[in-house]
Amino acid sequence: MRRPFDPTLYLVTDTELCRPRPVADVVKAAVAGGVTAVQVRDKGASRRELLALTGAVQASLAGRPDVAVVVNDAVDVALLAGANGIHVGQGDLAVAEVRALIGPHPWLGLSVESAADLDAALRLPAGTVDVVGLSPVWATPTKPEAGPGLGTAAVRSLASAARAGGLTSVAIGGITVDRAAEVAAAGVDGLCVVSAVCAAADPTAAARELRSEIRRGRLAELAR
């Protein structure tokens with residue numbers, strides 16, 4: 001059965017930024033403040049380490065079945081952990097192949113860096129991709145290879161096209177509490193953050209403030 005996926009405030013983990021705190025502790029605190037979904041990402045971890053990290057995050061959220069846990073890139077880890085979904089980039093396994101491997105129930109996200117990427121995703125058979133990550137909104141040190149940034153005008157256009165094609169859209173890249181309302185007003189279904197929560201001294205307070213800014217941005221969008 002597919003677990004609900006609420007992308008409103010989508011936390012992508014960074015083990016180094018969380019230190020010296022365990023990632024699972026940061027995740028639990030952030031969810032208490034309003035994070036609605038979690039993607040477990042650690043590019044430096046071995047598959048065994050990533051599986052252990054995913055299990056620790058899942059255990060920390062045992063009482064929160066409303067918060068989906070997604071694994072970044074590693075299809076084998078996602079399957080072994082029984083994760084709620086997987087997110088892949090343009091350079092990873094083809095999404096049609098990933099969908100064939102994971103079956104119909106897990107959520108499948110895909111990074112989209114241009115209109116051409118989104119067009120390709122929209123041409124796939126229905127049910128292949130569920131979520132597109134519009135990336136990056138702004139340049140970010142957590143993913144320097146991603147480029148200079150789309151900007152909010154391009155994000156608005158991509159989010160509108162994704163919605164028309166039946167896909168959920170989330171924005172990621174350089175999103176801070178000061179920019180959250182602006183991105184939320186661009187019509188995306190959710191915001192992905194990394195350092196804004198992982199590096200925060202108080203992840204609960206950081207998540208709470210981000211949720212407040214998301215609400216403010218959405219209200220501004222409704223008033224347009």
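Tabulated data
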read-out: Any pair with Cβ under 8 angstrom, 6 or more apart, that starts in the stretch 12-31 at a residue that is without any contact (Cβ under 8 Å) to a residue 24 or more places away in the chain and ends at one that is among the basic types (K, R) and assigned to a helix (DSSP H, G or I); value: none
read-out: Count - residues of the stretch 182-210 that are part of a helix (DSSP H, G or I) and buried (at least 20 other Cβ atoms within 10 Å of the Cβ); value: 9
read-out: Cross-chain or 6+ apart pairs with Cβ under 8 Å, the stretch 122-150 first and closer than 14 Å to I175 by Cα, then of a type in the set (K, R) and at pLDDT 80 or above; value: V137/R179; W138/R179
read-out: Some residue of the stretch 76-95 being more than 24 Å from S212 (Cβ to Cβ), touching a Pro at 6+ places or on another chain (Cβ under 9 Å), in a strand (DSSP E or B) and modelled with pLDDT of 95 or more; value: yes
read-out: Leading residue by the ranking (surrounded by the fewest Cβ atoms within 10 Å (Cβ to Cβ)) among those in the stretch 65-88 that are of a type in the set (G, A, S) and without any contact (Cβ under 8 Å) to a residue 60 or more places away in the chain; value: G82
read-out: Criterion: touching a helix residue (DSSP H, G or I) at 6+ places or on another chain (Cβ under 8 Å), crowded, with 17+ Cβ neighbours inside 10 Å, at pLDDT below 95 and of a type in the set (A, V, I, L, M) - qualifying residue of L150, L167; value: L150
read-out: Count of residues meeting criterion [within 16 Å of A96 (Cβ to Cβ) and of a type in the set (S, T, Y)] in the stretch 109-132; value: 2
read-out: Residue that is surrounded by the fewest Cβ atoms within 10 Å (Cβ to Cβ), among those in the stretch 11-46 that are assigned to a helix (DSSP H, G or I) and out of contact with any helix residue (DSSP H, G or I) (no Cβ under 6 Å at 6 or more places or on another chain); value: E16
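The values are calculated or read from the model by the stated rules, or taken from the named source; none is laboratory data. Not measured: the values here are computed from a predicted model. So basically every Cβ, Gly included, is an ideal-geometry build from the backbone, and we count neighbours across all protein chains shown.
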